[in-house]
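Worksheet: the structure to be examined is printed underneath.
The values are calculated or read from the model by the stated rules, or taken from the named source; none is laboratory data. From a predicted model like this one, the values you see are computed outputs, not experimental measurements. Cβ: placed from backbone, ideal geometry, glycine included. Neighbour counts: every protein chain shown.
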Amino acid sequence: MKKIIIIFLILTAKFLSAQVTQEWVATYPGTGSGYNFPEKSAIDKDGNFIVAGNSDSTHGYDYIVLKYNPSGNLIWKQRYNGTGNSYDYLIGMVLDDSGNVYVTGESDDGAALGGINWVTIKYNTNGQMKWKRSLNWIGNKTDEPFGMSIDKERNIYVVGFGITSSVYRQMVTIKYSSNGDSLWTKVYRTSLTTHDWGYSVVSDDSMNVYSSGYGTLPTGNEIVNIKYDQNGVEKWIEKYPTYYGDWLRPTYSAIDKENNLVVVGYSYISNNYDFVTLKYSTEGNLLWSRLYNGGNIDRANSLFHRQPNQIF
């Protein structure tokens, strides 16, 4: 199998001439003969570049976290192979203001520990693992996280789904302290016989938490947005339903400077994908919604906002 190398480029712009100069290139070939690919990247307070993703090995994929200094030199790398010695897939990474690294994903913990579970890990600035936490939901089946975020007090939030003993998926949100203590876990389900996924989670300046996902309906599905306070008390649930008998899915969310919740994703209507953008007030009122049809497959996966009231 062809090996795919992860390549990172650091570019600087010479504003007077409007030219871009390549400063360095770093590659990571992995340890197996398959694919290596990044999922998330960030720059810490010291200008170091941290990349997290997945790397092939002889037993399947592992989490991989790489830290480069501003000159492109590899400071450290950490692979994580779960206790099941099989499939491990990283989906999220966040940094705190001291440069500690937190990652989450799905990992095979082995049959005795429930199989595929959520596994969240904290590394310090030297790449040492400080803690690892697994979430095995009540069905002892495949449980998957999809979103991760951090608040101003370094609490970590992870959202995804857990499978019940009756094989239905529940939207699950968990909050960890920076020391790895599980502070609370919250569950949402549309009904006892439906599937619900969590896809994105964010917090505001007051450490309220907003989880976004979708729930299934007999006629399609609906985007579900839930607000919890910092203690995990549910404040509101707002749903954006489909009117077309098809389905909707959120992919990313953010909080603007007025503490409004902005959610992007996509709809599937009459065999066509369109962007979906939703803006909610802090009280849960839908301020506006927009669909964008570019004439083909349109999926919104991220957003950037700035003042005054500009969303990209």
Can you tell me which residue within segment 91-110, out of those that are over 16 Å from I174 (Cα atoms) and assigned to a strand (DSSP E or B), is modelled with the lowest pLDDT?
D108
For segment 117-139, name all the residues that are modelled with pLDDT under 95, in contact with a Ser or Thr (Cβ under 8 Å, 6 or more places away or on another chain) and in a loop (DSSP other than H, G, I, E, B).
W137, I138, G139
Restricting to segment 75-87, name every residue that is modelled with pLDDT of 90 or more and within 20 Å of Y35 (Cα to Cα).
K77, Q78, R79, Y80, N81
Please indicate, with yes or no, whether at least one residue in segment 96-106 is in contact (Cβ under 8 Å) with a residue 40 or more places away in the chain, crowded, with 20+ Cβ neighbours inside 10 Å and closer than 23 Å to V25 by Cα.
yes
Scan of segment 226-262 for residues that are among the basic types (K, R), at pLDDT below 90 and surrounded by 14 or more Cβ atoms within 10 Å (Cβ to Cβ), ordered by number
R249
Within segment 45-63, is there a residue that is polar (S, T, N, Q), under 20 Å from S178 (Cα atoms) and surrounded by fewer than 20 Cβ atoms within 10 Å (Cβ to Cβ)?
no
Tell me whether segment 165-185 contains one or more residues that are surrounded by fewer than 23 Cβ atoms within 10 Å (Cβ to Cβ) and either acidic (D, E) or in contact with a Pro (Cβ under 6 Å, 6 or more places away or on another chain) (or both).
yes
Which of the numbered conditions does T142 fail, given that it passes all the others? Conditions: (1) at pLDDT 95 or above; (2) in contact with a strand residue (DSSP E or B) (Cβ under 7 Å, 6 or more places away or on another chain); (3) hydroxyl-bearing (S, T, Y).
(1)
Within the bounds of segment 206-222, is there any residue that is surrounded by fewer than 23 Cβ atoms within 10 Å (Cβ to Cβ), within 19 Å of L95 (Cβ to Cβ), of a type outside the set (G, A, S) and more than 16 Å from the chain's Cα centre (by Cα)?
yes
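Residue by residue, here is whether (1) surrounded by 12 or more Cβ atoms within 10 Å (Cβ to Cβ); (2) modelled with pLDDT under 80; (3) touching a Phe, Trp or Tyr at 6+ places or on another chain (Cβ under 7 Å); (4) small (G, A, S) holds:
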| residue | (1), (2), (3), (4) |
| --- | --- |
| K2 | no, yes, no, no |
| L11 | no, yes, no, no |
| Q22 | no, no, no, no |
| Y35 | yes, no, no, no |
In segment 283-312, residue modelled with the lowest pLDDT [restricted to those that are among the polar types (S, T, N, Q) and more than 21 Å from E222 (Cβ to Cβ)]
S302
Hits in segment 161-179 - residues which are part of a strand (DSSP E or B) and among the β-branched types (V, I, T):
I163, V172, T173, I174
Run down V65, V103 and say which single residue is within 19 Å of the chain's Cα centre (by Cα) and more than 28 Å from N208 (Cβ to Cβ).
V65
When segment 180-225 is checked residue by residue, the ones that are farther than 26 Å from S134 by Cβ, assigned to a loop (DSSP other than H, G, I, E, B) and modelled with pLDDT of 90 or more are D204, D205, S206, N208
